[in-house]
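A quick write-up on the structure given underneath.
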Amino acid sequence: MTPKDQSQAMRTICANVPVIPVLVIDDPKIARPLAEALVEGGLPVLEVTLRTPAALPAIEAMDQVPGAIVGAGTLRCTRDVELATSAGAQFGVSPGCTTALVKASEYAALPLLPGASTASEVMSLSDCGYDMLKFFPAEASGGVKMMGNLAGPFPEISFCPTGGITKDNFAMYMACPTVRCVGGSWIATRDMIRDHDWCAVRQIAQETCEMAKANEPHSS
Ligand code: 3PG
């Protein structure tokens with residue numbers, strides 16, 4: 001799967017979601033109720049970060065939830081792509097990108113959302129064929145202002161800003177013309193997950209979807 005096709009697949013996956021919840025899971029047993037709460041709340045595209053031993057079994061469990069589209073985050077090397085694919089991940093997210101990661105994603109036919117935070121990184125990934133990128137770490141890299149500046153030379157690149165996004169700045173990001181969706185852990189924090197607070201997760205997801213609808217929607 002070429003990088004261009006990977007980006008096209010990512011655009012399709014993200015077409016109707018304002019947010020990809022970024023999830024850190026410590027116990028695979030909670031994967032199913034967590035995914036159900038997020039799907040019910042209107043956010044079916046889920047990123048499970050490969051930062052805990054529970055991540056891979058969690059991806060497998062979440063894949064069984066009707067409507068859920070589960071991806072693996074924090075992909076850093078070829079092995080991560082292989083593990084994510086074996087677990088059933090339908091897409092991958094990386095904080096940056098390497099040649100090895102590009103090759104592994106092509107070989108595994110895994111749609112990858114690679115990370116960039118500078119003009120040169122955007123240009124390198126664009127040269128590879130990617131036209132949908134994670135802008136990471138969004139707030140620390142200049143936030144909405146940087147998004148606006150990158151839109152000048154790169155109007156054809158879509159971004160999924162992630163890192164430091166909350167309910168308070170979410171709408172500002174969504175108002176950027178090149179922002180397709182955002183990623184963030186505020187929808188289901190590690191504390192909420194540990195406390196099994198599925199009501200709160202569902203409610204925050206719903207409120208976020210309502211907030212997105214109230215602001216100008218981005219068409220695909
Ligand atoms: C990450 O990879 O950890 C994401 O950027 C999530 O960032 P956040 O916790 O600031 O939402």
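The values are calculated or read from the model by the stated rules, or taken from the named source; none is laboratory data. Note that the coordinates shown come from a computational prediction; the quantities given were computed from them, not determined experimentally. Cβ sites come from the backbone with ideal geometry, for glycine too, and all protein chains shown count toward neighbours. Calculation scope for accessible area: heavy atoms of the full protein, side chains included, ligands and nucleic acids excluded. Shrake-Rupley method; radii C 1.70, N 1.55, O 1.52, S 1.80 Å.
Things to note:
- Test: residue in the range 98-111 that is touching a residue at least 12 places away in the same chain (Cβ under 8 Å), within 16 Å of the ligand (Cβ to nearest atom) and polar (S, T, N, Q): no
- Scanning the range 18-32 for residues that are aliphatic (A, V, I, L, M), open to solvent by 10 Å² or more (accessible area, probe 1.4 Å) and part of a loop (DSSP other than H, G, I, E, B) returns a single hit, Val24.
- Matching entry among Thr12, Thr74 (being buried (at least 17 other Cβ atoms within 10 Å of the Cβ) and hydroxyl-bearing (Ser, Thr, Tyr)): Thr74
- Of all residue pairs spaced 6 or more apart or on separate chains, those with beta-carbon atoms under 8 Å, a first member in the range 52-65 that is among the charged types (D, E, K, R) and a second member that is surrounded by fewer than 17 Cβ atoms within 10 Å (Cβ to Cβ) are Glu60/Gly88; Asp63/Gly88.
- Residue in the range 128-143 that is most open to solvent (accessible area, probe 1.4 Å), counting only those that are of a type in the set (Phe, Trp, Tyr) and within 11 Å of the ligand (Cβ to nearest atom): Phe136
- Check on Ala61, part of a helix (DSSP H, G or I), small (Gly, Ala, Ser), surrounded by 19 or more Cβ atoms within 10 Å (Cβ to Cβ) and modelled with pLDDT of 95 or more: yes
- When Asp26 is tested against the conditions (1) within 16 Å of the ligand (Cβ to nearest atom); (2) of a type outside the set (Val, Ile, Thr); (3) within 29 Å of Thr99 (Cβ to Cβ), the lone failure is (3).
- Single residue of the range 147-191 satisfying the filter (among the aliphatic types (A, V, I, L, M), more than 13 Å from Phe136 (Cα to Cα) and in contact (Cβ under 8 Å) with a residue 60 or more places away in the chain) that is surrounded by the fewest Cβ atoms within 10 Å (Cβ to Cβ): Met174
- Residue match in the range 99-121 (condition: open to solvent by 60 Å² or more (accessible area, probe 1.4 Å) and within 15 Å of the chain's Cα centre (by Cα)): no
- Any hit, the range 86-97, residues being under 18 Å from the mean Cα position of the chain (by Cα), within 16 Å of the ligand (Cβ to nearest atom), touching a residue at least 60 places away in the same chain (Cβ under 8 Å) and part of a loop (DSSP other than H, G, I, E, B): yes
- Taking residues in the range 121-137 that are part of a loop (DSSP other than H, G, I, E, B), and partners anywhere that are of a type in the set (Ser, Thr, Tyr), the pairs with Cβ atoms closer than 7 Å and at least 6 places apart or on different chains are Gly129/Thr2; Tyr130/Ser7; Asp131/Ser7; Asp131/Ser158; Phe136/Ser117; Phe136/Thr162; Pro137/Ser117.
- Qualifying residues in the range 29-46 (those that are among the β-branched types (Val, Ile, Thr) and away from the ligand (no atom under 16 Å from the Cβ)) - the one farthest from the chain's Cα centre (by Cα): Ile30
- Count - residues of the range 40-55 that are part of a helix (DSSP H, G or I) and either buried (at least 20 other Cβ atoms within 10 Å of the Cβ) or touching a Ser or Thr at 6+ places or on another chain (Cβ under 8 Å) (or both): 1
- From the list Leu75, Leu83, the lone residue that is hydrophobic (A, V, I, L, M, F, W, C), outside any helix (DSSP H, G or I) and over 19 Å from Glu36 (Cβ atoms) is Leu75.
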